[in-house]
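For reference, the structure is listed below as structure tokens.
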């Protein structure tokens, strides 16, 4: 949780991406994951040279199947080489909102809200162990 809080007021300069799917498999396609690019891992790179990794995960829940979640951790160096194209970077993070979008009793969505109210949404999507990313820009 402290990793999430430490992203606030940082200046995001790059989002690096790993291996991807072209789209969500048709068995799991619905309106909740429309417009997302599908990845296994994302690195957030900030102007102070800190880097955070976000990955999909399963979260153990007593008495039932694991829930779908996301891990967020600070790492020493970027592990990914691809770039997620966001022309408006660099941007300062106003806050990062977390939620249980999938109703799994765990955190499975992060929304990075920038000072200009633009957003990057990162969500665990089906099939398990993949996540989606998309942007929402504010119209000027």
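Please treat every number below as a calculation from the coordinates, not as lab data. Keep in mind it's a predicted model, so treat the numbers as computed, not measured. Quick reminder, even Gly has a Cβ in these numbers, built from the backbone with ideal geometry, and neighbours come from all protein chains shown.
Kirkwood Rh over Cα pairs of the range 53-109 into Stokes-Einstein at 25 °C, 0.890 mPa s: D in µm²/s?
Values: Rh = 13.8 Å.
Roughly 177 µm²/s, to the nearest whole number.
Could you calculate the contour length gain from residue 85 to residue 40, that is, 0.36 nm times the residue separation minus the distance between their Cα atoms, to one decimal place in nm?
14.5 nm
What is the Cα centroid distance between the range 82-101 and the range 104-122, reported in whole angstrom?
Here the two parts' Cα centres lie 7 Å apart.
Gain in length, residue 60 to residue 94, computed as 0.36 nm per residue apart minus the alpha-carbon separation, to one decimal in nm? Could you put the intermediate results ahead of the total?
Values: separation 34, 0.36 × 34 = 12.24 nm, distance 3.08 nm.
Working it through step by step, the gained length comes to 9.2 nm.
Which FRET efficiency value, to the nearest 0.05, do you get for residue 105 and residue 29 by plugging their Cβ-Cβ distance into 1/(1 + (r/R0)^6) with R0 = 30 Å?
On the way: r = 24 Å, r/R0 = 0.80.
According to the calculation, E is roughly 0.80.
For the chain, what is the relative contact order in percent, using Cα pairs closer than 8 Å and at least 6 residues apart in sequence? Please report the intermediate quantities before stating the final value.
Details: 316 pairs, mean separation 36.7, N = 140.
This gives 26 percent for the chain.
Quickly estimate the mean residue ellipticity at 222 nm for the chain, helices only: each DSSP H run with n ≥ 4 gives -39500 (n - 2.57), and the total goes over all residues, rounded to 500.
Values: 1 runs with 4 residues, N = 140.
The helix contribution divided over the chain gives -500 deg cm²/dmol.
Find the eigenvalues of the gyration tensor of the Cα atoms of the chain, then list the square roots of 5 times those eigenvalues as equivalent ellipsoid semi-axes, largest first, in whole angstrom. Intermediate results must be reported in sequence, preceding the final value.
Numbers: eigenvalues 109, 59, 45 Å².
Taking √(5λ) for each eigenvalue gives 23, 17, 15 Å, largest first.
Tell me, in nm to one decimal, what length is gained between residue 76 and residue 129 on full extension, where the rule is 0.36 nm per residue of separation less the Cα-Cα distance?
Details: separation 53, 0.36 × 53 = 19.08 nm, distance 2.31 nm.
Length difference between fully extended and current span is 16.8 nm.
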